[in-house]
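K.L.:
Here it is, the structure in full.
The values are calculated or read from the model by the stated rules, or taken from the named source; none is laboratory data. Keep in mind that this is a model prediction, so the values were computed, not measured. All Cβ positions, glycine included, derive from the backbone under ideal geometry; neighbour counts span all protein chains shown. Please note that ligands, DNA and RNA were not included when accessible areas were found on the heavy atoms of the full protein model with its side chains. Shrake-Rupley method; radii C 1.70, N 1.55, O 1.52, S 1.80 Å.
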Amino acid sequence: MGREFVEAIEAAPIVAAVKDDDGLEMCLKSDVDAVFILYGDICTISDIVAKVKDTGKIAMVHMDLINGLSSKDVSTDFIRKYTRADGIITTKGNLITHAKEIGLATVLRYFVLDSMALISIEKQAHHSRESQPDMIEILPGVIVPKMIRKIRSMSRVPVICGGLIQEKEDVLNALASGATAISTTCSDVWFM
């Protein structure tokens, strides 16, 4: 699934990130091909994913934000067995290897707040292919172009810029600086 996921994101670089049912309903009417699901719990996540999949979109579940899931492999097993999700998003590197083993696409999310985040990204780039995520997401997405280029040069995987992207200019700056895609909760961007 990983390669197909990356190719789909490369082909349609605006990703809808949804944090509630209203956002979900709105993004399902948009032309975006992929949805980052940032809300729910173990009782509702299967239904949320089903709504996304029923419209033909890619469904990526943010493991850290789903109530009732932990940072253990069994949580990725749960997503694989009980939902139709295409993959996971997480800040927990330990979930990436197992998720890939069971056929889920993976996005490893980094909050780029200081030089320590850059060190973590650089360390991740030296992991084995099996431990590499399919993509990394850096937040905030409106990070200066120089930093996006630096991260792209460090990482062996494509980069998504997410967080605080609210205008066409933000999208164009991120993509021009080397990001493969952007993710945003701003519905105006989904309909650009």
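K.L.:
Report in % the part of the accessible area of region 1-52 that belongs to carbon and sulfur, leaving out ligands and nucleic acids; probe 1.4 Å.
P.N.:
It is 50 percent, rounded to a whole number.
K.L.:
Take the alpha carbon atoms of region 1-72, find their center, do the same for region 98-176, and report the distance between the two centers in whole angstrom.
P.N.:
18 Å
K.L.:
Defining a contact as two alpha carbons under 8 Å apart and six or more residues distant in sequence, what relative contact order in percent does the chain show?
P.N.:
Dividing the mean separation by the residue count of the chain yields 21 percent.
K.L.:
Same structure again: Could you check the spin-label model distance between Phe191 and Lys72? Points 7 Å from the Cα along Cα→Cβ, value in nm.
P.N.:
4.4 nm
K.L.:
Under a 1.4 Å probe, what is the accessible area of region 85-134 per residue, stated in Å²?
P.N.:
45 Å²
K.L.:
Here's something else I'd like to know. With unit charges on the beta carbons (Lys and Arg positive, Asp and Glu negative) and the dipole taken about the Cα centre of the chain, which residue among Ser153, Ile102, Ser187 sits farthest to the positive side?
P.N.:
Checking the options against the dipole of the chain, the answer is Ser153.
K.L.:
Accessible area of region 67-179 with a 1.4 Å probe: how many percent of it is carbon plus sulfur?
P.N.:
53 percent
K.L.:
Any idea of the accessible area per residue across region 1-67, 1.4 Å probe, to the nearest Å²? Intermediate values should be presented prior to the final figure.
P.N.:
Working: 2990 Å² over 67 residues.
With the other protein chains kept in place, region 1-67 gives 45 Å² per residue.
K.L.:
If you don't mind, another one. If you take the square roots of the eigenvalues of the alpha-carbon gyration tensor of region 1-78 and sort them as a ≥ b ≥ c, do you get rounded (a/c under 1.5), prolate (a/b over b/c) or oblate?
P.N.:
oblate
K.L.:
What is the spread of the Cα atoms of region 93-134 along each of their three principal axes, largest first, in whole Å?
P.N.:
Reported extents, whole Å, longest axis first: 33, 17, 14.
K.L.:
May I pose another question? Using just the C-alpha positions of the chain as equal point scatterers, what log10 of I(q)/I(0) does the Debye formula give at each q in 0.13, 0.15 1/Å?
P.N.:
Computed log10 I(q)/I(0) values: -0.61, -0.83.
K.L.:
Continuing with this model, one more query. Per residue of region 64-72, in order, report the coupling 6.51 cos²θ - 1.76 cosθ + 1.60 (Karplus, θ = phi - 60°) as ³J(HN,Hα) in whole Hz, putting x for Gly and Pro.
P.N.:
Per-residue couplings from phi come out as 5, 9, 9, 4, x, 9, 10, 9, 10 Hz.
K.L.:
Loop only per DSSP, at most 16 neighbouring Cβ atoms within 10 Å: give me the GluC sites (Glu not before Pro) in region 134-172, ordered by residue number.
P.N.:
Working: sites: Glu137, Glu167, Glu169; in loops: Glu167.
Within region 134-172, the qualifying GluC sites (Glu not before Pro) (loop, at most 16 other Cβ atoms within 10 Å) are Glu167.
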